[in-house]
Amino acid sequence: MRAVVQRVTSASVVVDGQTIGAVDEPGLLVLVGVTHTDTPAQARRLAAKLWGLRVLHGEKSCSDVSAPLLVISQFTLYGDARKGRRPTWQAAAPGPVAEPLVEAVVDELRALGAHVETGSFGADMKVSLVNDGPITLVLDV
């Protein structure tokens with residue numbers, strides 16, 4: 001699994017003109033990509049890593065200050081543009097494989113005590129954020 005993690009002061013996701021997920025206070029925006037070989041165990045590890053990642057102000061984690069997370073599925077994290085001008089998506093897992101694993105990350109975060117907002121799997125989403133720092137990390141688990 002791959003995640004792009006951004007420390008934000010606010011973030012939101014809109015589908016068909018409606019805001020379906022938002023954080024209006026400092027927290028994390030997390031874009032999650034899934035490849036063919038990913039497992040539920042990796043989803044649990046990613047959730048634990050996100051919950052304990054010390055990138056908020058004062059080297060705090062979401063678990064330290066109950067900061068919210070906005071988690072959005074993002075198959076393009078496994079895009080490959082090394083050849084030609086058109087990326088390939090062969091490394092990205094298909095929806096029936098990826099969706100339950102993204103949901104597993106969200107479920108595990110909530111089990112850990114996190115307030116989690118989400119996007120809509122497979123939808124055309126418009127994501128807005130105010131990147132704080134800016135801090136952006138790429139995590140591979």
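What follows draws every value from the coordinates through simple rules; no lab data is involved. Given the structure is predicted, the values throughout are model-derived calculations rather than measurements. Please note: Cβ atoms are built from the backbone with ideal geometry, for glycine as well, and neighbour counts cover all protein chains shown.
Some observations on this one:
- Against the conditions (1) over 19 Å from residue 10 (Cβ atoms); (2) basic (Lys, Arg); (3) surrounded by 13 or more Cβ atoms within 10 Å (Cβ to Cβ), residue 126 satisfies every one except (1).
- Condition check for residue 35: of a type outside the set (Gly, Ala, Ser) and without any contact (Cβ under 8 Å) to a residue 60 or more places away in the chain: yes
- Residue count, segment 38-64 (criterion: acidic (Asp, Glu) and in contact (Cβ under 8 Å) with a residue 12 or more places away in the chain): 1
- Count of segment 111-124 residues which are farther than 9 Å from residue 21 by Cβ and either part of a loop (DSSP other than H, G, I, E, B) or touching a Gly at 6+ places or on another chain (Cβ under 6 Å) (or both): 7
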